Amino acid sequence: MRTPQRPPLDGLRKRLDRARSEREGKPRDGFVRETFVLPRDDAREKAREWFDRWPKQAYWTAIESWFERPGDVIEFTIRRLPNSD
């Protein structure tokens, strides 16, 4: 008795490669992230804008990381959920 041949998987392989290349560099945890490099006062204002627009309780908005650069400049990454299910 012969074992059946495997079906060609080229189409599936191409779709997987395309999907992986589109997501490359993006975390897969569902959060929307944005990084800003702003003077200290502008950074505070930008963070307030985000928390006002996307409240922490509904969108899990949070400052994910921040770094103080020379010249009183703040680099920070803020994240939130894309919607408030």
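Observations on the model:
- Flag for residue 58 being of a type in the set (A, V, I, L, M) and surrounded by fewer than 14 Cβ atoms within 10 Å (Cβ to Cβ): yes
- When residue 75 is tested against (1) out of contact with any Phe, Trp or Tyr (no Cβ under 6 Å at 6 or more places or on another chain); (2) among the acidic types (Asp, Glu); (3) at pLDDT 90 or above, just one condition goes unmet, and that condition is (1).
- Qualifying residue in the range 28-44 (condition: within 21 Å of residue 83 (Cβ to Cβ) and free of Cβ contacts under 8 Å to residues at least 40 places away in the same chain): yes
The values are calculated or read from the model by the stated rules, or taken from the named source; none is laboratory data. Only a predicted model underlies this, so the values are computations on that prediction, with no experimental measurement involved. We place every Cβ from the backbone using ideal geometry, glycine too, and count neighbours over all the protein chains shown.
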